1. Below 8 Å, C-alpha to C-alpha, sequence gap of six or more: please give me the relative contact order for chain A in percent.
2. Pull up the cross-link candidates among the lysines for B:K236, meaning alpha carbon to alpha carbon under 20 Å and not fewer than 8 places away within one chain.
3. Going by average Cβ density within 10 Å per residue, which order do the peptides B:282-295, A:23-36, A:206-219, B:263-276 take, highest to lowest?
4. Which aspartates and glutamates, on any chain, are close to B:K278 with Cα under 20 Å apart, when same-chain ones fewer than 8 places away are left out?
5. Please list, ordered by chain and number, the residues whose modelled amide H lies under 5 Å from the amide H of B:D194; skip anything fewer than 5 residues away on the same chain.
6. Among B:F116, B:F156, B:F338, which one shows the biggest mean-square fluctuation in a GNM of chain B, springs joining Cα atoms closer than 10 Å?
7. I'd like the antiparallel share, as a percent to the nearest 5, of DSSP beta bridges with both residues in chain A.
8. If r is the Cβ-Cβ distance from A:L123 to A:H227 and R0 is 25 Å, what FRET efficiency results, to the nearest 0.05?
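What follows draws every value from the coordinates through simple rules; no lab data is involved. As the structure is a prediction and not an experimental result, all values here were calculated from the model. Positions of Cβ are backbone-derived with ideal geometry, glycine not excepted, and every protein chain shown enters the neighbour counts.
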Amino acid sequence: MALITYREALNRALREEMRRDDRVFIMGEEVGEYDGAYKVSKGLLDEFGEMRVRDTPIAENGFAGLGVGAAMAGLRPVVEFMTWNFALLAYDAIVNSAAKMRHMSGGQFTVPIVFRGPGGSALQLAAQHSQVPDPWYANIPGLKVCTPATPADALGLLKSAIRDEDPVVFIEGELLYNVKGEVPDDEHLVPIGLADIKRVGEDVTIVTHSKMVHVALQAAEKLAAEHEVEAEVVDLRSLRPLDLDTYVASVKKTNRAVVLEEGWPVAGIGAQIVDDIQREAFDYLDAPVARVSGLDVPMHYARALEKIIVPDAEAVIRAVKHVCYLD
Amino acid sequence: MAKTEDEIKQGDLQGIPREKLLEMLRWMVLSRRFEEKTAEAYQTGKIGGFCHLYIGQEAVAVGAIAALREDDYVFTAYRDHAQALVRGVSSDAVMAELYGRIGGASRGAGGSMHIFDRDVNFMGGHGIVGTHLPLAAGVGYAIKYRGGDQVVLCFFGDSVVNGGPFHEAFNMVAKWELPVVYVVENNSYGMGTDIDRVAAVDDLFTRACAYQGKKAEQVDGMDVLAVYDATTRAVKRARETSRPTFIEARTYRYLGHSMSDPAHGTYRSREEVQAERKNDAINSLAERMEQAGLLTDEEYKAMDAGVIAEVERAAEFAETSPLPGRDEIYAHVYADEFRGGLDRRDAWR
């Protein structure tokens, strides 16, 4: 095991897969000469050359579409968006082309492509640069969606995404790049569509993903120390396919659930999870399921308000205490 | 020195062998007869959805695709029946696709706007205006990546030139020297809007001048041989130097934008359509071949009869091809097994 950052894990995944398969190439703004806006692609241009590490113009719809075409012709592109906010300009290429191609060609054309980049709020980046795009893609049949929270999952999921035959939307946490974690030295693959229990507990289930996994773990430690509540933290890791078996089983064990996400509440991924829980574990519930999400508002620049809008451990603790009838 | 009458005739036909001329003529006739049958089947409710016919524009698809090699690639937009046929998708498979049957090119999942055929590198029928231009650039990238010498031919309509994907794709293919030939089928109307009312320039080919290294030219899209000539040169340039070209083919659509629209109305007059029909591409080639002694009236009639029989057979094939069953619903969404919301979310369906 090695202790590396989330950023280094992603870099390792790209490097390993590019060495393994010469059909894999990366493209995006600043991925080559500049080593990546977030340095995820550091050193790759030197090793693999310009054809496989392609700096693009700032034209998201264009280069995302180019990636889709290259995938149709048998290559395995990894398209980096400097942030997922910019990928809104490529939504047509991702949703209308990548996600539909296999289906509307009757299974003839596959699009083995990865669209990746950071999502979520960071630090005072204001309304246009702080969005959580996760549910916008989780809604689309034809796509897979990965949202790793740890370096090991970032490594294992990105490698699986690159090997997948279908388009994968890979949303990294903008504030997770410097997070460190243990990563296996050997080849490490994490299957897409499998959740992971990041903390075992008996009293309540917290279902969450990406950056909010760390918030949930923080809340869980405090709940154990201060309230003698042992929370089980389910990290979804992928939002499509969504591993309902894992969180339904956990709720059947704990009988209480809090669903946590960074994004907006209306039609958020949490709404789907609550639906699955009420349908499949209704008789097991000792309390209505609670949801904690980002506030329903475009992000404010002011730090004082940003801190309120993004869910924190205190909000999770309040929700857990509520479903445990401790408030 | 004055040319003899024979030399002039030969010049009109550009010295193209009779077999090639006959092939192009037959493709144009097939495209037209196929669309006539399509209109009939649409009107009797056998075909549904959006359905855009190609009648009038045949010279563009035929002249351009005739310049390709078998391993080259073709992309087009949603007015895609003729491109598919000329590229080599069988008339049975195209018609069955329109009928929404399993025997269709895309197993009935795509319909009129989304015909695909991997066997002949027919890369689809794309339904969002402009969306496929970057995709064609991507296939060009893959060719260059592998060091191949194939070429991508990408058709699109005149409305595309005002949108972002056009410029994004043109910039990339020019900068990275990708072997893509873009052909705009300028039929003067984006649905019911005259291109002059929404485009800041009249000659669309001049748009490519902004991209260094991208050659552009305008051709008479009602003359199949002019299209063939321009595309042949563009394909050669792409194959030998990996450089893109933009061809503007000036053409005309005789019918409405789709089956839901009238041929003429608020945006263009009946007189205009009638005048344009006199410049018909099929008649023009047939007449030139007859004048040059390369085609008799009997031969033309026999060809037409053969095409009509082929189209009738295609309709019969479509009629008898099975309808897709429930097992097709999730069959091609992913390579992995996919059961919608894992069945449990679809419990009442």
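1. Numbers: 738 pairs, mean separation 52.1, N = 327.
It comes to 16 percent, rounded to a whole number.
2. B:K20, B:K144, B:K175, B:K214, B:K215
3. Going by the mean number of other Cβ atoms within 10 Å, highest first, we get A:206-219, A:23-36, B:282-295, B:263-276.
4. Within the straight-line limit of under 20 Å, B:K278 reaches these aspartates and glutamates: B:D12, B:E35, B:E36, B:E58, B:E185, B:D220, B:D223, B:E287, B:E290, B:D297, B:D304.
5. none
6. The residue with the greatest mean-square fluctuation here is B:F338.
7. On the way: 9 of 40 bridges.
Here the antiparallel bridges make up roughly 20 percent for chain A.
8. 0.25
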